[in-house]
Amino acid sequence: MSKAVDELLNVAAATLRDDAEAGAALCVMVDGREIAAGSWGLADARQGTPYTDDSLQITMSMSKGITGTLLAMMLDRGL
C-alpha cells in the first residue's frame, strides 16, 4: 500500500475515534481498480456489532452532491 493510501485510511479512521457509537466504510476506485478500502467502528453500538464491508450503509447525505451533478449534466444536455 502506498503512503498516500495509508494516510487516507488513517484520516478516515480518525473521524470516528471520538464517537464510540459510529461506524463507517470507505472504498476508493480509480480506473475500475480498488485502491483503498476499510471499515471502522460499530454497526450496532447496543450489541457491539462491528462495522464491516457488508454492513448496511446510509448514503442519503452523500448522494446529494452526486444527484445535483447528474441533474446539472442532464439539464445541460437538454434531457
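For the reader, a short list of remarks on this structure follows.
- Close amide H pairs (under 5 Å, H built 1.01 Å from N) link Gly23 with Leu42, residues at least 5 positions away or on another chain.
- Computed from backbone phi with θ = phi - 60° and the Karplus coefficients 6.51, -1.76 and 1.60, the 3J(HN,Hα) list for segment 42-57 is 10, 7, 9, 5, 5, 9, x, 6, x, 7, 10, 4, 9, 5, 5, 10 Hz; x is used for glycine and proline.
- Gyration tensor verdict on the chain (Cα atoms; rounded if a/c is under 1.5, prolate if a/b is larger than b/c, oblate otherwise): oblate
- Vicinal HN-Hα couplings computed from phi for segment 6-12 (Karplus, 6.51 cos²θ - 1.76 cosθ + 1.60; Hz; Gly/Pro x): 4, 5, 4, 5, 5, 5, 4
- Rounded to the nearest 20 debye, the dipole size of the chain about its Cα centre is 220 debye, using +1 on the Cβ of Lys and Arg and -1 on the Cβ of Asp and Glu.
- Sequence-distant contacts, meaning Cα pairs under 8 Å at least 6 residues apart, place the relative contact order of the chain at 20 percent.
- Acute angle (nearest 10 degrees) that the helix 60-76 long axis makes with the longest principal axis of the chain, alpha-carbon atoms: 10
- When the GluC sites (Glu not before Pro) in the chain are filtered for DSSP coil states and for at most 15 other beta-carbon atoms within 10 Å of their beta-carbon, the remaining sites are Glu21.
Computed from the coordinates by the stated procedures, all read-outs in this text should not be read as laboratory data. No experiment lies behind these values; they were computed from the predicted model shown. As a convention, Cβ positions derive from the backbone with ideal geometry for all residues, glycine included, and neighbour counts pool all protein chains shown.
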